[in-house]
Every structure is written in C-alpha cells, then in structure tokens.
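**Student:** What follows is a single structure, and I will ask about it in a moment.
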Amino acid sequence: MPMASVHCRYLGEWVATKHRWGLAVDRAEREALLRYAASCPNARITYEPAL
C-alpha cells in the first residue's frame, strides 16, 4: 500500500480498474480491499467499462 494520505485513492483506482476490465477478485484480495476500504467511508468509485 502507498502512504496513508493516498491509500483511499489508490484503492479506488484498483477497484475501478478491476471493474473496468472485468477482472476477477479472489477471496484474500476481496477481504484485504474491504479491510482497507473501511477507513474510506466517503469514497466513490466511478469507471467506464472497457469496450
């Protein structure tokens, strides 16, 4: 993870990229993302699906 001041943005970009390209998330990754995202309650993720 990057420094704490940017980790919410980093997580958002990570999740948006997964959604954009339809990439899978395994159980361990999902649990880690949820754990880190708990400290980003106001985060909003937007993306455009890849064509």
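**Student:** Can you give the charge dipole size of region 11-51 about its Cα centre, rounded to the nearest 20 debye, using +1 on the beta carbon of Lys and Arg and -1 on the beta carbon of Asp and Glu?
**Tutor:** I would put it at about 80 debye.
**Student:** Also: Which Rg and Dmax, in Å, describe the Cα atoms of the chain?
**Tutor:** Cα radius of gyration and Dmax of the chain are 11.1, 33 Å respectively.
**Student:** In percent, how large is the relative contact order of the chain, given Cα pairs closer than 8 Å and 6 or more residues apart? Show your work: numbers first, answer last.
**Tutor:** Values: 29 pairs, mean separation 25.5, N = 51.
Reported as a whole number, the value is 50 percent.
**Student:** Further, regarding this structure: How much net charge surrounds His7 when only the other residues with a Cβ under 15 Å from the Cβ of His7 are counted, with Lys and Arg +1 and Asp and Glu -1?
**Tutor:** Value of the local net charge: +1.
Taken together, the values in this text are just the output of simple stated rules run on the coordinates, not laboratory data. Since the model is a prediction, treat every value here as computed from it, not as a measurement. In this analysis, Cβ positions are derived from the backbone assuming ideal geometry, glycine residues included, and neighbour counts consider all displayed protein chains.
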